[in-house]
1. Could you pull out every residue, at least 5 positions away or on a different chain, whose amide H is within less than 5 Å of the one on B:S227? Hs are placed 1.01 Å off N in the peptide plane, and Pro or chain starts have none.
2. For helix A:201-227, report the angle its Cα long axis makes with the longest principal axis of the Cα atoms of chain A; keep it between 0 and 90° and round to the nearest 10°.
3. Name the residues whose placed amide hydrogens come within less than 5 Å of the amide hydrogen of B:V25, ignoring near sequence neighbours (fewer than 5 apart) on the same chain.
4. Grab the alpha carbons of the stretch B:250-371, take their convex hull, and tell me the volume per residue in Å³.
5. If the reach is capped at under 18 angstrom between alpha carbons, list the aspartates and glutamates near A:K2, excluding any in the same chain fewer than eight residues apart.
6. Could you list which residues have their amide H under 5 Å from that of A:T99, counting only those 5 or more apart in sequence or on another chain, with H placed in the peptide plane?
7. For a 23 Å ceiling on Cα separation, which of these pairs sit above it: B:K23/B:K83; B:K43/B:K120; B:K97/B:K182; B:K182/B:K363?
8. Under a point-charge model restricted to the Cβ atoms of Lys and Arg (+1) and Asp and Glu (-1), what is the dipole moment magnitude of the stretch B:227-379 relative to its Cα centre, in debye to the nearest 20?
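Laboratory data are not the source of any read-out in this text; all were calculated from the coordinates shown. Everything numeric in this text was worked out from a predicted model, so none of it was measured. As a convention, Cβ positions derive from the backbone with ideal geometry for all residues, glycine included, and neighbour counts pool all protein chains shown.
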Amino acid sequence: MKVYYIAIAEAWRLLTSGDALVMPVIGMSLTVSGSAVAMAALIGIPLGYMLGLSRFGGRAALMVLVNTSMGFPPVVVGLFVYLALTRWGPLGFLDMLFTPRAMVVAQVFLATPLVIGVTASAVASVARDLRLQLRALGASRLQEGLAIILEARRGVMASVIAGFGAIISEVGAVSIVGGGIEGKTEVMTTAIVANVGRGDFGIAMAWAFILIGIALMINVALTTVQNLGSAYDR
Amino acid sequence: MTAEASDMLAPPTAPAVRGEGIKVVYRRRTAVDVPSIEVAAGKTYALLGASGAGKSTLLRVLGLLERPAEGRVFIDGVEASGKDLATRRTIAAVFQKPYLLRATVGANVGYGLKLRRVPKREREQRLSDALARVGLAGWEGRSALTLSGGEAQRVALARALVLRPRILLLDEPLSYMDPLLKRSLTLEFAEILKSERVTALYVTHDRDEAAVVADRIGIMRDGRLVSEGDPETVLTLPTDEWVASFLDAEAPAEGLVATSGEGVMTLACGDAMIIAVGDLPLGSRVLVGVPSEDVLLFEHGVQIPRTSARNQLDGVVSEVAPAGAAMRITVAVGDLRLASTVSRSSAADLRLAPGSLVTLLFKATAVRVRPRDTIAPIV
């Protein structure tokens with residue numbers, strides 16, 4: 001049990017001492033995963049909408065592809081992105097490896113399938129005839145899409161929450177493409193791995209508590225947004 | 001003025017909606033095949049038919065919500081398609097289910113106005129007017145998801161009316177209502193459609209509903225229009241056996257105009273001679289029907305009271321069947337079959353049974369006549 005007490009005390013010390021190394025790590029985690037989920041939402045919500053509502057040949061195959069990539073191991077994604085960005089890789093000229101931008105790219109690949117998949121099933125559950133009704137009230141294609149997404153807002157928001165939850169807590173991809181360089185690309189999850197490696201279990205646990213606490217706060221905020229307008233529900 | 005000039009000055013007479021050569025095919029099955037259909041401006045046209053007859057599909061095509069495999073749609077005489085947003089915005093629709101958005105009643109009714117960027121003040125005014133129109137004044141703030149079926153359908157109607165559409169599509173708007181609510185809403189809808197002077201296309205499978213709302217009725221079967229005309233003619237004079245059984249009416253008899261003059265005709269229907277109003281040319285082939293409500297029935301041999309009814313025919317009861325609260329008595333007059341609706345107690349008093357001899361009495365004005373082949377029967 002002793003390790004837990006040490007960890008709690010250590011977490012408190014880390015957060016309150018104003019340790020110059022703590023806040024940048026938290027900030028890096030939030031910046032990388034926050035921008036990645038924002039990009040994933042921008043890409044994934046429209047694609048999920050199209051996949052959920054359009055009928056075209058190969059749709060089922062595409063859905064299988066999306067569902068499979070929802071469960072892709074972060075290390076594998078990290079490896080692919082690493083190989084693309086490495087000096088001798090096809091995108092090596094970008095000189096992005098071991099930078100936060102590379103981490104964002106890897107996390108976009110991780111979060112986007114989740115956003116697409118969950119959004120697709122959310123909009124597909126909106127009655128098809130509602131689209132007809134919206135069109136019959138004079139909605140243009142864009143207005144129709146916005147109304148459907150608004151109608152499926154809980155599911156669409158859930159897709160963003162799922163995407164964020166997956167990437168804020170993953171370590172495989174960020175450590176491969178970011179390298180977990182202290183003061184440069186270190187995030188909370190790579191800090192845990194590094195401290196475990198050094199045998200500093202107290203500090204590792206402290207980071208774990210901080211990570212869980214922050215994830216919890218963010219999810220409370222997102223869930224609140226998700227439930228806005230629930231007053232209209234039965 | 002020359003004839004040409006007067007033509008040019010004539011008021012525009014283009015029908016509000018016209019379909020030409022409409023064909024819709026689903027998986028190689030022809031769902032709709034209608035060579036021509038017109039809805040006059042300001043009138044209500046009811047498409048009547050059984051489920052799967054293609055009524056709703058035709059409605060969607062004419063309302064620019066679905067593209068047909070073949071054919072063209074004209075709105076106010078101008079060819080139109082679903083791509084013309086401006087034209088599409090002159091049309092509004094109410095469907096079988098209200099499909100309200102997860103929002104307030106006000107947001108639902110105001111949705112179409114918002115799409116059209118109507119200024120807020122005007123929007124609120126029109127919104128409250130429209131809600132008042134459907135008997136829901138002051139309901140703006142309520143959640144649309146807590147409404148009963150009847151209330152939700154009124155909101156759906158208000159949502160369409162608030163747009164002041166030129167053309168209103170109504171696709172079985174009352175089919176989910178209980179009979180009592182349906183009857184009152186049917187009357188309400190009919191009254192609103194008349195007073196708004198909107199051109200309406202009304203799909204239903206209920207002949208009584210169609211009779212109440214429509215200025216013109218088209219009956220559809222297997223994607224085709226099999227009968228079309230004013231409600232009285234269409235509902236009382238089926239064009240063939242199928243239409244008759246669908247309308248629960250007597251199949252029409254075929255006849256020939258034997259005499260004609262001064263607005264009165266004698267029609268030879270098999271052995272029977274029927275006097276009717278009209279002036280079709282002598283020898284015309286016609287379809288003849290008499291609504292069962294207009295036929296009085298007496299025991300054979302009793303003293304018939306003096307009336308103005310000019311048709312008196314003797315016949316044999318061939319069938320006695322319940323029809324709603326009343327009884328429907330089918331009588332064979334030679335080859336001709338006529339029906340009379342009598343109350344259940346009268347049917348019991350007269351001890352009517354197949355084989356009973358009876359006398360039928362009906363007015364010449366009750367006889368419906370239409371020239372044969374106005375609508376080609378299905379073969």
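1. B:I219
2. The answer is roughly 20 degrees.
3. Amide H neighbours of B:V25, under 5 Å, 5+ apart: B:A31, B:A69.
4. Values: hull volume 11.9 nm³, N = 122.
Taking the convex hull of the Cα positions in the stretch B:250-371, it is 97 Å³ per residue.
5. A:E10, A:D200
6. Under 5 Å from the amide H of A:T99: no residue qualifies.
7. Details: B:K23/B:K83 19 Å; B:K43/B:K120 32 Å; B:K97/B:K182 14 Å; B:K182/B:K363 33 Å.
Result: B:K43/B:K120; B:K182/B:K363 exceed 23 Å.
8. Details: 11 positive and 19 negative charges, 71 e Å.
For this selection, approximately 340 debye.
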